[in-house]
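The values are calculated or read from the model by the stated rules, or taken from the named source; none is laboratory data. Please read these numbers as outputs of a predicted model, since none were measured by experiment. Surface areas here come from the heavy atoms of the whole protein model, side chains and all, with no ligands, DNA or RNA. Shrake-Rupley method; radii C 1.70, N 1.55, O 1.52, S 1.80 Å.
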Amino acid sequence: MDRSIIHLNVADFAVAVERAIDRRLAGRPVIIAPQDAARATVYDMSEEAYRAGVRKGMAFARAVRLCPDARALPPHPERYEQAMRALTERALPYSPHIEAGEADGHLFIDATGTRRLFGPPVDVAWRLRRQFRADFGLTPIWSVAVNKLVAKVATRLVKPEGEYIVRAGEEESFLAPLFLGLIPGIEREDLARLREFNFTRAGEVAALRVEELQVPFGKRARFLHETVRGVDSSPVRAVGEGPPRITADYAFGTDTNDVAVIKAALYLLVERSADALRRQRRAARSVAVIVDYSDGARGVRQAAARPATAHDLTLFEVACRALLAAGSRRVRVRHLRLVCDRLMFPPAQLALFEDDRQKAEKRDRLIRAVDTVRRRFGRDAIAVGRTVELVCPCARLPGSRLGCSPANGSTGRRVHGYP
């Protein structure tokens, strides 16, 4: 049975919510940005402001110069989250599998197998559009397709208002004439590499075999090969089910501000997280470090991994950047948490120079060897030098014996949260 995925998108969601509250904003340019910050950036803007050149993330001062007639409003995230919950609750009677965006107006609904109860998915989409408009004053654009990838692209084509139906079997022909930048999952680096070969449209890449794509893209070739053909088997998550992520925690028995000890604990978390990523054949594009201090304060920062990685050493470098930003206070640390987020299939980028290629291969062989030893003899059979003092502080004393309690009175490596 072919799947039936409905994608509902309230364009310029924050502006749409503000207009539903204040009808006087309808038809005039609107810019939403924090106006009391020195370096305020645009949170969202209306279609009228977009046509004047305003973009999300643009400096607010520049946006005002581009669109001086715009009405400027401060963002109200709590309103947008409340609106998303209301939209999800209204759609819930039609399917338990509803995947909502993060207060951005996007809803994916899996209507597969519901035809006898509610009629064709197209009727469900029309019905929800009417209900959203009547109950909330929000008018979504919508599409129906066999998967989330094609449905998302279809709504992009009819923004800011309209609908699109892509029938089963028409995915590849639908995507063929489109610019590659419209297709989710194709990263900026992919676009730059494809542009080097003068490929700008999905149909041009779809004409290539996997073996041909492997030359510039390696293991990522199959993902690209399937994406430009509209192949996407990712499920619509159930209501309340968050995006997949890997979380690891380390609790210090005695609070510490020793940088070496904190980084050693962070590396332990990285090792466990990277091992879980490799087991799931995933890579992380975002790494967050959460630092809990002795006085109860908390520091949270994240760093992007470009490209996505599941490599211990590379992941540790990214985590250290986040730790440096999160742990800037001169207060002892009680607890560390590492969160690997925005998981994806591991990308493969070939090194241009032989020395770089050999270095990368050497690092990969090292990690594979460590994984092999640990899976055969246990995780404590081998340790990286920076973590030895956490595992056994007596290791730093000449002639000392192993087997003592962890450093700083810690209760041990309490790392959990792995599937």
Can you tell me how much longer the chain between T372 and S234 gets when fully stretched, taken as 0.36 nm per residue apart minus their C-alpha distance, in nm with one decimal?
-> 46.6 nm
Cα-based shape type of region 13-124, given that a ≥ b ≥ c are square roots of the gyration tensor eigenvalues and the cut on a/c is 1.5 | prolate
Just need the relative contact order of region 39-103 here, percent rounded to a whole number, with Cα pairs under 8 Å and 6+ apart.
-> 24
Treating cross-link reach as a plain straight distance, find the aspartates and glutamates whose alpha-carbon is under 17 Å from the alpha-carbon of K263, omitting any fewer than eight places away in the same chain.
-> D249, D255, E271, D292, D312, E317, E389
Most to least accessible of K263, K152 (protein chains only, probe 1.4 Å) = K263, K152
Report, by chain and number, residues whose modeled amide H sits under 5 Å from the one on V30, excluding near sequence neighbours (fewer than 5 apart, same chain).
-> S46, E48, A49, R71
Any chance you could run the full-extension gain for E78 through R342? It's 0.36 nm times the residue separation minus the Cα-Cα distance, nm to one decimal.
-> 92.7 nm
Mind checking the per residue accessible area of region 39-184 for me, 1.4 Å probe, whole number of Å²?
-> 52
Calculate what fraction, in whole %, of the accessible area of region 54-204 sits on carbon and sulfur atoms when a 1.4 Å probe is rolled over the protein chains.
-> 50
